[in-house]
Amino acid sequence: MVFIVAPTIVSEHFVKNLGLAMGLNYAGVTAALFVFPKLLEYLVAGYGLHGALFICGAITMNGLAFSIFTGRPTWRVVAAGENPVSTKLPPKATEAERSHELCHALTVFRSPMFYLIMYSFNAYCMSFDLYMSLFVDFASDRGVTVATALSVMAAGAVSEGVGRFTLPMAVDRSLITNNVALMLTLGAEAVAFLMLPFLHNHGLIFAVVIVIGFIIGTAIVFFPVTLDYYFGHEKMSIAFGIVVASAGLQSFVRPSLIGHFRDRGGAYDWLFIICGVVNVVAAALWMVALAWESSRRKSMALVEITPACAVITKTISN
């Protein structure tokens, strides 16, 4: 739930630097990977498992105090044209208004872009989860020690943290649009996963891991930002919730898929190839969608220019 609500709150409070703000939001997850495992180990050693869980719960409860300050900004209310008098309406009128808002939010199902973003997020989550679950075993099959593989994954986490800021900041500065950035990220992810099974040199494997970490950090920022770009912050919450829920269904299939390839093939190479292929499809679909959007914008601009030209021609002839 927090995974869905936090990007919604960020999108409500930021417009100009939305990418950077979303990157900072997800950077907390990366930072926690360096802090909480060691902290939990220390707490278990000092206070036992029950005491450690109690302390972690107490730390988490501090988030409740911060959540009180995350109300909707006043400038959003004014921009939306909301009337404070509406709070005095009868309960039935308020319920009808909320029902209308929900129906309006569900119109995301009519947009082809929603299904494209959903597929892209599923491709990303599939690749991310399989990479996190299988890389240590994959590296061990290539002769890399477990300790070295874990160190490389830690370095990949640093690269992931860097990825949360670089491209999103470029989008904020209008150097690139977020849909183009998402397409490039999915394309780079496809190339990285397709290369990984064919690498046996440890240095090259480690280099690809750093690239994958950067891509993982970048892509997760762009999905809520892209949903906000296409549907607005009013629909972003429910759209992102549906997209995340669809990716959660993979959990029912993933263990059987991993077991099948490990038991039949004895390696995970084909799983990484499949991850690369689904990302290739996602990047290709984004290319088609962006080309269609560009063609549509040109057609609309031509339609707007044509009447103006006709008026000028008529004036000159008179």
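At-a-glance table
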{"item": "Extreme residue, surrounded by the fewest Cβ atoms within 10 Å (Cβ to Cβ), among residues of the range 135-176 that are part of a loop (DSSP other than H, G, I, E, B) and of a type in the set (Ser, Thr, Tyr)", "result": "SER174"}
{"item": "Test: residue in the range 139-148 that is over 15 Å from the mean Cα position of the chain (by Cα), at pLDDT 85 or above and basic (Lys, Arg)", "result": "yes"}
{"item": "Residues located in the range 1-29, provided they are farther than 21 Å from GLY241 by Cβ and in a loop (DSSP other than H, G, I, E, B)", "result": "VAL15, LYS16, ASN17"}
{"item": "Cβ pairs under 6 Å, 6+ apart, first in the range 229-255 and in contact (Cβ under 8 Å) with a residue 24 or more places away in the chain, second aromatic (Phe, Trp, Tyr)", "result": "ALA239/PHE231; VAL243/PHE121; ALA247/PHE121"}
{"item": "Extreme residue, surrounded by the fewest Cβ atoms within 10 Å (Cβ to Cβ), among residues of the range 252-297 that are among the aromatic types (Phe, Trp, Tyr) and farther than 14 Å from TYR131 by Cα", "result": "PHE252"}
{"item": "Test: LEU150 is farther than 13 Å from HIS202 by Cα and in contact (Cβ under 8 Å) with a residue 60 or more places away in the chain", "result": "no"}
{"item": "The one condition in (1) surrounded by fewer than 21 Cβ atoms within 10 Å (Cβ to Cβ); (2) closer than 23 Å to GLY161 by Cα that ILE216 fails to fulfil", "result": "(1)"}
{"item": "Test: VAL191 is closer than 20 Å to SER133 by Cβ, in contact (Cβ under 8 Å) with a residue 12 or more places away in the chain and among the β-branched types (Val, Ile, Thr)", "result": "no"}
{"item": "Number of the exception - ALA32 against (1) under 25 Å from the mean Cα position of the chain (by Cα); (2) surrounded by 13 or more Cβ atoms within 10 Å (Cβ to Cβ); (3) of a type outside the set (Asp, Glu); (4) part of a helix (DSSP H, G or I)", "result": "(2)"}
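The values are calculated or read from the model by the stated rules, or taken from the named source; none is laboratory data. Everything quoted here is computed from the prediction, not taken from an experiment. Ideal geometry is used to build each Cβ from the backbone, glycine not excepted, and the neighbour counts take in all protein chains shown.
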